[in-house]
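Report on the structure given below.
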Amino acid sequence: MSAAAHVPPPDKVVNGPTPKHAQLREILRRTVERELPPGAPIPSERELAQRYGVSRLTVRSAIGKLVEEGLLARVRGKGTFTAARRMELQLYLMSFTDDMRRRGLTPTTEVVSAATEVPPTASAHALGLAEGAPAHHLVRLRHADGVPLAVERGWYHAGRAPGLLELDLTQSIYSQLAETYGVRPDQAWQTVWAEGADRETARLLGMRAGSPLLVFRRVSSANGDPIEDITSWYRGDHYQVTMQLDRNTPEPGQPPHYGGSR
């Protein structure tokens, strides 16, 4: 018998030196990459276990690895889906709500917490606040078409937006700043980095702790007055950053002018 006869069919899980969860993972990977479009649901754990003659624990392990790789995405209460193609996150000033609508997606926002309290030193300095002065602290979970995409933790200058937390915080903050206070952020400095999700952020986004995130800290001003210091954690399996570069070099100590998509 030839060696090829011992190679298991590509769509079956068999006993052998390769763990069953690894075999199933590669079967699912081929199916996702070759047959299923982005955003398509995959069969349930029960269906996959019956189809391939393995335990649900084996199925869960295989799916979990593909979720970690960003090939699949779990949506709480709905199931597991092939991951959507990463959205281009271009760096300009726009609210998350407007950005998602521009992409043809339906944005929704969940307010996790809202309070007026003394900010940490870095945020107080960014907002130009005196020591011990309060600011509005807002934590929100942002969705698009029901999928959690980002956690925002922001500080807002209480003197320039009094009563902000009494407004409808599920809507665009930028729109409400403009409509209620006549404040329109027109300049921002933003820093971007990558990190693994901590336990709380992972819970909010429906991910495993340690999953990759893109993090943006932005300080926005209106007419030269700082109004917002916000840090946002975006799912790394849904976003990629695009930048236009040129040969102009900023003065030492002066970061280039750019904003971010929120």
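The values are calculated or read from the model by the stated rules, or taken from the named source; none is laboratory data. Given the structure is predicted, the values throughout are model-derived calculations rather than measurements. No Cβ is skipped: glycine too gets one built from the backbone with ideal geometry, and neighbour counts run over all protein chains shown.
Quick check on my filter: what residues within segment 33-57 are modelled with pLDDT of 85 or more and either part of a helix (DSSP H, G or I) or of a type in the set (V, I, T) (or both)? Those that are modelled with pLDDT of 85 or more and either part of a helix (DSSP H, G or I) or of a type in the set (V, I, T) (or both): I42, E45, R46, E47, L48, A49, Q50, R51, Y52, V54, R56, L57. Working carefully through the options T170, T116, find the one that is modelled with pLDDT under 95 and polar (S, T, N, Q). Just a single option satisfies the conditions, and that option is T170. Residues in segment 203-221 that are of a type in the set (V, I, T) and over 14 Å from the mean Cα position of the chain (by Cα): V219 alone. When you check G159 against the structure, is it modelled with pLDDT of 95 or more, out of contact with any helix residue (DSSP H, G or I) (no Cβ under 8 Å at 6 or more places or on another chain) and in the same structural domain as W233 (by TED's automatic domain parsing), yes or no? Answer is yes for this residue.
Yes or no, residue by residue, for (1) surrounded by fewer than 22 Cβ atoms within 10 Å (Cβ to Cβ); (2) in contact with a Lys or Arg (Cβ under 7 Å, 6 or more places away or on another chain); (3) assigned to a helix (DSSP H, G or I):
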{"site": "A122", "(1), (2), (3)": "yes, no, yes"}
{"site": "E131", "(1), (2), (3)": "yes, no, no"}
{"site": "L141", "(1), (2), (3)": "yes, no, no"}
{"site": "E152", "(1), (2), (3)": "yes, yes, no"}
{"site": "A158", "(1), (2), (3)": "yes, no, no"}
{"site": "L165", "(1), (2), (3)": "yes, no, yes"}
{"site": "T170", "(1), (2), (3)": "yes, no, no"}
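Just wondering, is there one or more residues in segment 192-202 that are more than 14 Å from the chain's Cα centre (by Cα) and without any contact (Cβ under 8 Å) to a residue 40 or more places away in the chain? So far as segment 192-202 goes, yes, one or more of its residues are more than 14 Å from the chain's Cα centre (by Cα) and without any contact (Cβ under 8 Å) to a residue 40 or more places away in the chain.
The rows are residues; the columns are (1) touching a Pro at 6+ places or on another chain (Cβ under 8 Å); (2) not charged (D, E, K, R).
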| site | (1), (2) |
| --- | --- |
| Y174 | yes, yes |
| Q187 | no, yes |
| R199 | no, no |
| R208 | no, no |
| L213 | no, yes |
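Confirm whether L91 is under 20 Å from R218 (Cα atoms) and at pLDDT below 85. Yes: the conditions hold for L91.
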